[in-house]
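See below for the structure under consideration.
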Amino acid sequence: MKFSPAQGKLLNATNVVALLVMLAGVAAIVTRFALGLGGSTNLSDTWPWGLWIAFDLIWIALAAGAFVMAAVIYVLHRQKYYEIGRSAVLMGLLSYSFVMVTLIADLGLPWHFWQLGIQRPEHSAMFEVSWCVGLYVSVLALEFAPVVFERLKWKELSRYWRIHAPIYVVVAVSFFVWLMSHSALWAVLAAVVFGMLAFAFRPKKGEKQGPIMLAIAAFTLSSMHQSSLGTLFLLMPDKLSPVWWSPLLPFMFFLSAIAAGVSLVIVMKVVVGKSFRRPVEQRLLAGLGRYVSAALFVFLAVRVGDLIYRDQLSAALANRLFLVEFGLCGLVPLFLLMVKPLRERAPCLVTYCLLTASGVILNRLNVVLFGMQLRGPMPGVEAAAYTPSLIEIGVTVGLIAATIFLYNLGAHTLPVLKAREQE
């Protein structure tokens, strides 16, 4: 399978608009650091988490397609999806990188980030998420590195990557286990397990090394931080509506991220195919649609079972936001994705995937913003309102525009897309 950069103008109308919005976002970030959180945002002691945290949770869920595709291609050996994998990894790398930018903007004293290297709190979900996301970004960079080597024809560096990427995975995962467990024994055990995996998946003579260990590390780290983002809200049973608060939030965050991530991969493949005039193999995407329906089915089943067990189903059915999230953006695409003739039609599949992704987006907004029941300052009688400031909106929209522009830049300069003669 051959890949090639996209042809045509990089600075077309879409990219020019994205570039301008991205520059406006840069100005918003500069303003945020010039004025501080208090002067640039509408955050407060009552609403310490606002649009930026909601954006992070949404974008991380939508970027889950990168680790799912890596697992599908290299662990489940579905090599037919490899052409989609490159685009998914690039989008994942850009998305997670900008999530880290948002986190830096959201911190009051971001220059104290080095504290993550010297402190190891035992019961901090945020500590786990910080290290997990940071290490996962490095894994994504290593997954995408061969595309850069291929473009620049760095054969020696490519050989070096094949040898040392599995070693990096063993070291990184073992280090992460040591940070989380405070136990050298568990770290050694992780090193032994992942070392055995690296030995088992080593290429045989004459075979080309695939990033199997990187795919395993991607799934391991992603499954942890996707669920740990839900763990953050376990601390708020008195603030988050019982319709959305649940002891199963970590598991539900993980399941919904799989459905949303693969949905975005499908939509992105169709949009990229239309934009760069590359034929779209509908049967290939229809196959991915089955992964979406499977993850969505499990997520919705767990969601209903949890509400029944906690005696919150009647309250949920009386909530309009829940009905939109669960019904229109959950049950409707689930049933339609199960119909093979509809799944194999591109417009239908894209519509169903957009509904699924919209449902997960609304779920994260409900958890972070709409489902919160926060009171103002003492005596805390009245509910406190929150509306994002222009700077908060500018940073968020600017980072989305930057993702679009840099993806197009990568597609035009690197062999990300399948070569036309191979279509």
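The values are calculated or read from the model by the stated rules, or taken from the named source; none is laboratory data. Note that the coordinates shown come from a computational prediction; the quantities given were computed from them, not determined experimentally. When we count neighbours, we look across all protein chains shown, and the Cβ atoms used for this are built from the backbone with ideal geometry, even at glycine.
Odds and ends about this structure:
- Residues of the range 143-179 satisfying the condition of being among the aliphatic types (A, V, I, L, M), in contact with a Pro (Cβ under 8 Å, 6 or more places away or on another chain) and surrounded by fewer than 21 Cβ atoms within 10 Å (Cβ to Cβ): VAL147
- Among the residues of the range 250-271, the one identified as free of Cβ contacts under 8 Å to residues at least 40 places away in the same chain, buried (at least 19 other Cβ atoms within 10 Å of the Cβ) and among the hydrophobic types (A, V, I, L, M, F, W, C) is PHE254.
- Criterion (assigned to a helix (DSSP H, G or I) and surrounded by fewer than 13 Cβ atoms within 10 Å (Cβ to Cβ)) met by exactly one of GLY8, GLY85, GLY36: GLY36
- Every residue from the range 332-347 that is in a helix (DSSP H, G or I) and under 20 Å from GLY261 (Cβ atoms): VAL332, PRO333, LEU334, LEU336, LEU337, ARG343, ALA346
- Output for the range 131-157, where each listed residue is in a helix (DSSP H, G or I), without any contact (Cβ under 8 Å) to a residue 24 or more places away in the chain and farther than 16 Å from MET213 by Cα: PHE149, LEU152, LYS155, GLU156, LEU157
- Failed condition for LEU342, given (1) of a type outside the set (Ser, Thr, Tyr); (2) at pLDDT 95 or above; (3) in contact with a Cys (Cβ under 7 Å, 6 or more places away or on another chain): (2)
- Test result for GLY50, on the phi < 0 side of the Ramachandran plot and surrounded by 23 or more Cβ atoms within 10 Å (Cβ to Cβ): no
- Checked against the criterion of being more than 30 Å from GLY376 (Cβ to Cβ) and assigned by TED's automatic domain parsing to the domain that holds GLY65, the candidates SER246, SER275, SER314, SER241 yield just one match: SER275.
- Taking the range 117-137 as the range and being closer than 25 Å to ILE167 by Cβ and surrounded by 15 or more Cβ atoms within 10 Å (Cβ to Cβ) as the test, the residues that pass are GLU128, SER130, TRP131, CYS132, VAL133, GLY134, LEU135, TYR136, VAL137.
- A search for C-beta distances below 7 Å between a residue of the range 217-245 that is at pLDDT 90 or above and any residue that is of a type in the set (Ser, Thr, Tyr), counting only pairs 6+ apart in sequence or on different chains, returns ALA218/TYR136; LEU221/TYR136; SER222/TYR136; HIS225/TYR136.
- The residues of the range 65-80 include none that are farther than 18 Å from PRO203 by Cα and not in a helix (DSSP H, G or I).
- Cβ separations smaller than 7 Å between residues 6+ apart or across chains give the following pairs from the range 181-192 residues that are in contact (Cβ under 8 Å) with a residue 60 or more places away in the chain to residues that are surrounded by 14 or more Cβ atoms within 10 Å (Cβ to Cβ): HIS182/ARG120.
- Sole residue being under 24 Å from the mean Cα position of the chain (by Cα) and at pLDDT below 95, chosen from ARG283, ARG290, ARG303, ARG277: ARG290
- Restricting the range 349-399 to residues that are charged (D, E, K, R) and in a helix (DSSP H, G or I), the residue that is surrounded by the most Cβ atoms within 10 Å (Cβ to Cβ): ARG364
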